[in-house]
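Single-structure report; data block below.
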Amino acid sequence: MRTSECDIVIVGVGGQGVILISDVIGRAAVKAGKSVRGAETHGMAQRGGSVINHTRIGCRFSPMVAAGGADVLLALEPAEALRFAHFLSSDGVALVNTSPVLPVTVTTGIAAYPSLEEILAALRDVCRMAMPIDATALAKRAGTAQAMNVVMLGALSRYIPLPEGLLLDALAEVVLSKYLEANRRAFALGKAEVE
């Protein structure tokens, strides 16, 4: 028995904007009159550690998405998609930014970073679709590389039960006005990428 309309797991590393995305979704859900629950974990986020957010739209119970229960895994970093793939439902969708944030173990040669093809193949083994998105390049095209997370939010908007207008209204509440137009362009580019 489903206990929510849509379960989303948003993952990345510290500084990529996982929390901003969940904040925008939560505000938009409230504007739509839907219940929303969320929980987040920061693993040394200020030092590039994992950040994971569970967001449940139309949820009646727990804020945590069960393993195998996520409708969407939104990954701002490719290896983080792999790390948290166990949350995906077999009917779920993984949206993956293709630009990695390389950890020290990779940059020093201690470990090897998996190829994007390996990451996507592993995701496709557990869900119905894994879609790569070069969100970093799209954000630069929108006017600011820092809007990579908003590109991913735009892509996510196709898969969640919230009107685009409410997501953009919520975005305007959390982004400084001087960056709003670039963020709106980033959102539109992300949405167009999955249509």
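Only the coordinates and a few stated rules stand behind these numbers; no lab work does. Computed from a prediction, not measured in an experiment: that's the story for all the values here. Cβ placement follows ideal geometry from the backbone for every residue including glycine, while neighbour counts extend to all protein chains displayed.
Got at least one residue in region 34-51 being within 26 Å of ALA121 (Cα to Cα), under 16 Å from the mean Cα position of the chain (by Cα) and buried (at least 22 other Cβ atoms within 10 Å of the Cβ)?
Yes; the residues of region 34-51 include at least one that is within 26 Å of ALA121 (Cα to Cα), under 16 Å from the mean Cα position of the chain (by Cα) and buried (at least 22 other Cβ atoms within 10 Å of the Cβ).
Any chance you could count how many residues in region 46-79 are without any contact (Cβ under 8 Å) to a residue 60 or more places away in the chain and part of a loop (DSSP other than H, G, I, E, B)?
12
Please work out which one of (1) buried (at least 19 other Cβ atoms within 10 Å of the Cβ); (2) touching a residue at least 40 places away in the same chain (Cβ under 8 Å); (3) not hydroxyl-bearing (Ser, Thr, Tyr) is the condition ALA94 fails and give its number.
Checking ALA94 against (1) buried (at least 19 other Cβ atoms within 10 Å of the Cβ); (2) touching a residue at least 40 places away in the same chain (Cβ under 8 Å); (3) not hydroxyl-bearing (Ser, Thr, Tyr), the one that fails is (2).
Taking the conditions exactly as written (buried (at least 19 other Cβ atoms within 10 Å of the Cβ), over 19 Å from GLY154 (Cβ atoms) and of a type in the set (D, E, K, R)), does ARG60 satisfy them or not?
Judged against the criteria, ARG60 is not a match.
Can you tell me which residue in region 119-148 is surrounded by the most Cβ atoms within 10 Å (Cβ to Cβ), limited to those that are polar (S, T, N, Q) and in a helix (DSSP H, G or I)?
Filtering first and then ranking leaves THR136.
Considering only region 8-22, state which residues are surrounded by fewer than 24 Cβ atoms within 10 Å (Cβ to Cβ) and either closer than 10 Å to VAL51 by Cα or in contact with a Gly (Cβ under 9 Å, 6 or more places away or on another chain) (or both).
VAL13, GLY14, GLY15, GLY17, ILE19, SER22
Evaluate region 84-94: report whether one residue or more is under 25 Å from ASP169 (Cβ atoms), touching a Cys at 6+ places or on another chain (Cβ under 9 Å) and of a type in the set (Ser, Thr, Tyr).
No; the residues of region 84-94 include none that is under 25 Å from ASP169 (Cβ atoms), touching a Cys at 6+ places or on another chain (Cβ under 9 Å) and of a type in the set (Ser, Thr, Tyr).
Would it be correct to say that ARG158 is basic (Lys, Arg), in contact with a helix residue (DSSP H, G or I) (Cβ under 9 Å, 6 or more places away or on another chain), under 17 Å from ASP23 (Cβ atoms) and not in a loop (DSSP other than H, G, I, E, B)?
no
Considering region 1-31 alone, what residues qualify as being in a helix (DSSP H, G or I), touching a Ser or Thr at 6+ places or on another chain (Cβ under 6 Å) and among the aliphatic types (A, V, I, L, M)?
Selection gives ILE25 alone.
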